[in-house]
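Visitor: Here's a structure for you.
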Amino acid sequence: MKQEKKKVLRITDTTLRDAHQSLWATRMRTDDILGIAEAIDNAGYYALECWGGATFDVCMRFLRENPWERLRRIKAVCRKTPLQMLLRGQNLLGYRHYPDDVVERFVALACENGMDIFRVFDALNDPRNLETAVASVKKYGGHAQGTLCYTTSPVHTVEKYVELAKAQEAMGIDSLAIKDMAGILTPGAARELVKALRRAMPKMPVEIHSHMTSGMAAAMYLAAAEAGAGCFDCAISTLSSFSSQPPVESMLSVFESEGYDCGLDRAALSKINSYFRELKAKRQPASSRGVEPVDAGVLVHAIPGGMISNLRSQLAQQGALDRLDEVLAELPRARADLGYPPLVTPTSQIVGVQSVLNVLSGERYSMVTDETKRYAAGYYGATPAPIAPKLRKRLCGGLKPISCRPADLLGPGLEKAAAELPPNTIRAEEDILSYALFPEVALGYFKWRKEGGPIPADQEEAANAAPAAAPTAAAAAPAAKPAAAAKGTPVLAPLNGTFYRSDAPGKPPLAADGAQVKAGDAVCVVEAMKLFNPIKASASGRITFLAKHGAQVVKGDVVAAVE
Ligand code: CO
């Protein structure tokens, strides 16, 4: 027998995080994980991705679990394989920038509770948004993995990516991930990018993360391996493919056939897969059954599958599902206008909703979300390409653009968060972090923890299981009263959603009832598509509000009148 030294490749398992976030609406429970955690720990993976992204939020919001407890319980069983989390840089696990003290304390507690590898990324690849997170990971003894969010555009060249990677190398990252969240990285582009990175920083281990959305990821993984990438993200076959990662069992065969040793135990993988195959019947939501195995459209429009399903449900909420094709055509234009951001949370949400508004309003950028405004003004970081000055001015409205690191504008946040919490709410410091990240969700969870009650995810399952359930629209709160009697110029709801008088929870109303307003002033808000959309006064004069704060409104409802 020919004795040949085998080339070593490693595999990171994403089953416990990205895979169920991609396929099961993040509904895997901690007990589900613990039922198989020991076998996963013994399978020979490089790392287990089990925390981050939506898992933290969904734990509290739908599963009524403490995400910190989940981490501790996994760590108690998985003693051999490092645990990995996905961290959105200065956004941590949320959708906005957090102050440095919150970022540092979050990372410290994650390390203390058993997290080993932190994959730190920024949606805009702005190195300044990674600094504090990477420094904190290093300070508390974790492995800091830098990330390049992969996208294509005239400004995303191989040279640019190498430059961005160099900036992260200078911060002291231990390894580098190429994050192909849309599954658009081709084998040829991967080979070129990995080679350039290996040349520029020969000692830096490179890991590849992709999705099977377009069907290319398995071929791309092989090309990247040949070019020198050393680790690949895969999911167990039952939770793989579609918009999830490539199947680990298949990739193992592919890599082995090329002489690579991945160190994985095939018998263990088989046992793990049997377990998840049984679990699938309970956890896969009805909405993801029967989806197309490959979304070939991604090869054309490069819009991640998860985003398209979001756009679809946003349009459905607005009763405008028939306009999906227009939105898909608008989206690349809006992305170009906005400086070609990679489409990943939170930029995917910002560009997606703005595209929907651009189509529904009939005039591009006549309605601009607060998030788009803040994005254009630099509050999410530097855009990959500049926004045309005239458009930028229009998008910013009255908001003053910034060029500094966004978090430099934030004062310390931990003490403030602690002070906001009602007495006797928290049981440990971690609760303060949960609250700082997801205030309303955490309060809902803390209340449930104290008082008990039904678990939202269980109700969802019952609803899914019930055949021919009544349409849920009937359960919505009554709509705002059509104000036939109102005098003056009506102010109309521009979208279906929830009506608010203020633009953030706990803030005073934008305009008092009876106040003098100027035409064009933002006077109230409709929350739709998870974002706050300001409503402008239709005329100058005295405003009378007709819709109640918190009411469900339908497009065209009269929410106020100005006379
Ligand atoms: Co992913």
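The values are calculated or read from the model by the stated rules, or taken from the named source; none is laboratory data. The model shown is predicted, which means the values in this text are computed figures rather than measured ones. Neighbour counts are summed over all protein chains in view; Cβ atoms, including those assigned to glycine, are modelled from backbone coordinates with ideal geometry.
Visitor: Restricting to the stretch 122-180, count the residues that are part of a helix (DSSP H, G or I), closer than 16 Å to Ala385 by Cβ and of a type in the set (A, V, I, L, M). Full working, then the answer.
Guide: In the first step, residues of the stretch 122-180 are kept if they are part of a helix (DSSP H, G or I); the result is 127-129, 131-139, 158-171.
Imposing the further condition that a residue be closer than 16 Å to Ala385 by Cβ reduces the set to 159-161, 163-164.
Cutting the leftovers down to of a type in the set (A, V, I, L, M) gives us 164.
Qualifying residue count, the stretch 122-180: 1.
Visitor: Output the residues belonging to the stretch 494-524 that are at pLDDT 90 or above, part of a loop (DSSP other than H, G, I, E, B) and in contact with an Asp or Glu (Cβ under 9 Å, 6 or more places away or on another chain).
Guide: Hits for the stretch 494-524 are Arg501, Leu510, Ala511.
Visitor: Continuing with this model, one more query. Can you name every residue in the stretch 206-215 that is touching a strand residue (DSSP E or B) at 6+ places or on another chain (Cβ under 8 Å) and more than 11 Å from Phe232 (Cα to Cα)?
Guide: Matches in the stretch 206-215: His211 only.
Visitor: Using beta carbons and a limit of 6 Å, which pairs, at least six apart or on different chains, have the first residue in the stretch 256-271 and charged (D, E, K, R) and the second one part of a helix (DSSP H, G or I)?
Guide: Taking only residues 6 or more apart or on different chains, the pairs are Lys271/Ala39.
Visitor: What's the total number of residues in the stretch 222-253 that are part of a helix (DSSP H, G or I) and either under 20 Å from Thr26 (Cβ atoms) or touching a Cys at 6+ places or on another chain (Cβ under 7 Å) (or both)?
Guide: Total satisfying the criteria: 6.
Visitor: Considering every residue within the stretch 285-293, establish whether at least one is closer than 20 Å to Pro154 by Cα and outside any helix (DSSP H, G or I).
Guide: Among the residues of the stretch 285-293, not one is closer than 20 Å to Pro154 by Cα and outside any helix (DSSP H, G or I), which makes the answer no.
Visitor: Being within 16 Å of the ligand (Cβ to nearest atom) and among the small types (Gly, Ala, Ser): is that true of Gly89 here?
Guide: Against the criterion (within 16 Å of the ligand (Cβ to nearest atom) and among the small types (Gly, Ala, Ser)), Gly89 qualifies.
Visitor: Further question on the same structure: Name the residue, out of Gly230, Gly172, Gly188, that is in contact with a Leu (Cβ under 9 Å, 6 or more places away or on another chain) and away from the ligand (no atom under 16 Å from the Cβ).
Guide: One residue alone meets the criteria, Gly230.
Visitor: Search the stretch 324-345 for residues being more than 21 Å from the chain's Cα centre (by Cα) and modelled with pLDDT under 95, and hand back the single one that is surrounded by the fewest Cβ atoms within 10 Å (Cβ to Cβ).
Guide: If we take residues in the stretch 324-345 being more than 21 Å from the chain's Cα centre (by Cα) and modelled with pLDDT under 95, then Asp325 is surrounded by the fewest Cβ atoms within 10 Å (Cβ to Cβ).
Visitor: In the stretch 194-214, what count of residues is obtained for those that are of a type outside the set (A, V, I, L, M), more than 16 Å from the ligand (Cβ to nearest atom) and either under 24 Å from Leu299 (Cβ atoms) or part of a helix (DSSP H, G or I) (or both)?
Guide: The total comes to 3.
Visitor: Go through the stretch 14-52 and report how many residues are of a type outside the set (A, V, I, L, M) and more than 14 Å from the chain's Cα centre (by Cα). Step through it out loud before you land on a result.
Guide: Taking the stretch 14-52 first, the residues of a type outside the set (A, V, I, L, M) are 14-15, 17-18, 20-22, 24, 26-27, 29-32, 35, 38, 41-42, 44-46, 49-52.
Among the residues that remain, those that are also more than 14 Å from the chain's Cα centre (by Cα) are: 14-15, 24, 27, 29-32, 35, 38, 41-42, 44-46, 49-50.
Qualifying residue count, the stretch 14-52: 17.
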